[in-house]
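Quick notes on the structure that follows.
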RNA sequence: CGGGGUGUGGCGCAGUUGAUAGCGCGCUCGGUUUGGGACCGAGAGGUCGAAGGUUUGAGUCCUUUCACCCCGACCA
């Protein structure tokens with residue numbers, strides 16, 4: 001991608017209507033556009049990041065056997081009434097709309113009911129389970145207060161997965177497989193060390209605890225207590241002596257922290273399947289309840305968390321796994337430098353290396369500043385002076401470390 | 001939803017006791033520059049969030065309303 005052809009531009013000033021660091025940086029760098037409070041559009045570079053996160057999530061869900069689907073945003077009222085989740089008194093953050101004939105519809109905020117409805121016709125026997133179904137799509141929630149940039153929006157991208165098991169034992173195994181996959185997702189995003197499996201309230205449908213995945217951050221909304229040696233935590237909401245005993249946690253080992261909930265996993269028992277009259281037939285020909293689990297990852301929220309966490313005074317610092325490009329190629333100088341830079345751009349692109357090529361007639365300082373603001377992992381500079389020496393300058397975004405390399409050494413570094 | 005704050009060119013801001021809008025960045029054109037966000041010159045661009053009112057006259061005062069931010073409450 002050539003910067004001269006990129007329609008977005010960077011800005012030296014942060015927008016006045018954003019305080020959250022993630023939103024300020026992402027908007028300054030031209031990654032996102034704020035449409036209204038809690039609703040952001042993804043521009044070319046931001047979309048690349050989002051797609052890269054989706055790819056990681058998708059790979060890990062597929063790896064445990066997840067089957068991807070795409071459910072609808074428009075929701076019929078009846079299935080939600082069967083589970084008693086239509087009433088605004090029960091679920092108060094629904095967006096609702098109407099058909100021309102007056103029929104009330106919901107705008108999807110989660111998908112337990114429609115998923116159960118969709119799989120019900122295929123799910124008849126114990127032989128059909130266990131299985132996972134997931135999707136990555138926009139969710140809509142009428143939050144009373146959107147805030148913190150991408151961390152709490154009204155329209156946001158979420159991966160939601162649902163498991164179907166014939167009994168509790170199978171469910172437990174399926175559930176733990178998801179927990180492991182979640183740890184791999186966060187590790188690949190560079191958040192593994194600061195993301196804790198956290199015991200939390202299981203919700204109104206189950207006496208069990210749920211698990212949240214909390215990434216430590218000062219801007220987090222949740223207060224959690226971390227047992228650092230065991231790498232687990234407990235949400236303040238359920239911090240009672242009784243629960244600590246139940247979970248085998250020792251109060252003295254816990255440290256209070258702030259966290260952002262970047263994922264959660266719930267035990268749903270048979271609440272939804274029973275309510276929607278979906279059962280299976282067991283080995284003995286008897287009708288049995290289906291045990292469900294549901295598992296969420298806030299994909300757009302993760303983008304905000306990464307932006308927030310991996311950044312410095314010069315801008316964003318993307319982990320290589322999700323950066324919009326691997327290399328920011330800076331061209332300084334005249335025809336000779338242009339020829340060399342064009343050539344390098346073509347060569348790297350041909351090798352499948354994503355390059356943002358700054359071919360503008362800007363001064364070097366402006367290009368370096370943009371490379372840093374955009375947070376591209378590696379910067380390569382081509383200039384008349386370097387060409388004369390037969391070298392390329394190579395700079396690492398995380399450390400600022402710079403070295404001059406021969407063409408072969410540079411290509412080896414970038415491979 | 002309670003409390004507090006803010007709306008003025010694309011972005012960031014100033015605008016005094018009311019007199020029909022200004023600065024920086026960015027943008028356009030010309031020239032000089034080219035290793036850390038260049039400089040000089042010339043330009044373009046705004047019904048001051050919206051509606052109503054007071055007044056000879058409103059960005060400024062009053063009323064209503066919309067939007068956005070922060071704190072809190074809320075967050076299947």
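Just so it is clear, none of the values below were taken in a lab; they were calculated from the coordinates. Here the structure is a predicted model, which is why all the values come from computation and not from measurement. Positions of Cβ are generated from backbone atoms using ideal geometry, with glycine treated the same way; all protein chains shown enter the neighbour counts.
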Per-residue ellipticity at 222 nm for chain A, helices alone: DSSP H runs ≥ 4 residues times -39500 (n - 2.57), over residue total, nearest 500 deg cm²/dmol?
-9000 deg cm²/dmol
Does anything in region A:285-299 have its amide N under 19 Å from the 7 Å Cα→Cβ label point of residue A:128, and if so which residues?
A:285-294
Counting only DSSP beta bridges fully inside region A:323-398, the antiparallel percentage to nearest 5 is 30 percent
Could you work out how far helix A:168-188 tilts from the main Cα principal axis of chain A, as a 0 to 90 degree angle to the nearest 10?
10 degrees
What is the angle, in °, between the Cα long axis of helix A:44-63 and the longest principal axis of the Cα atoms in chain A? Nearest 10 is fine, range 0 to 90.
50 degrees
Using Cα-Cα distances under 8 Å and only pairs 6 or more residues apart, what relative contact order does chain A have, in percent?
16 percent
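So if we plug the beta-carbon distance of residue A:346 and residue A:169 into 1/(1 + (r/R0)^6) with R0 = 51 Å, what FRET efficiency do we get, rounded to 0.05?
On the way: r = 57 Å, r/R0 = 1.12.
For R0 = 51 Å, the calculated efficiency reads 0.35.
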Calculated FRET efficiency for the pair residue A:73/residue A:104, C-beta based, R₀ 25 Å, to 0.05:
0.95
Classify region A:196-315 as rounded, prolate or oblate from the Cα gyration tensor: take a ≥ b ≥ c as the square roots of its eigenvalues, call it rounded if a/c is under 1.5, otherwise prolate when a/b beats b/c and oblate if not.
oblate
Could you work out the relative contact order of region A:152-284? I mean the mean sequence separation of Cα pairs under 8 Å and 6+ apart, divided by the number of residues, in percent.
24 percent
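By how many nm would the segment from residue A:407 to residue A:288 grow when fully extended, if each residue of separation counts as 0.36 nm and the alpha-carbon distance is taken off?
Numbers: separation 119, 0.36 × 119 = 42.84 nm, distance 6.62 nm.
Between residue A:407 and residue A:288, full extension yields 36.2 nm more.
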Have a look at the DSSP beta bridges in chain A and tell me what percent are antiparallel, nearest 5.
80 percent
Please report how far the C-alpha centroid of region A:35-76 lies from that of region A:220-276, rounded to the nearest whole angstrom.
26 Å
Under 1.5 on a/c is rounded, so check that first for region A:1-129, then, if it is not, pick prolate when a/b is larger than b/c and oblate when it is not; a ≥ b ≥ c are the square roots of the alpha carbon gyration tensor eigenvalues.
oblate
For chain A, go through all pairs of different Cα atoms, get the mean of 1/r, take its inverse, and jot down that Kirkwood value in Å.
23.6 Å
Relative contact order for region A:88-222: what percent, with Cα pairs under 8 Å and sequence separation of 6 or more?
16 percent
What distance in nm lies between label points placed 7 Å from Cα along the C-beta direction at residue A:193 and residue A:245?
3.8 nm
How would you classify region A:98-236 from its alpha-carbon gyration tensor, with a ≥ b ≥ c the square roots of the eigenvalues: rounded for a/c under 1.5, else prolate if a/b is greater than b/c, otherwise oblate?
oblate
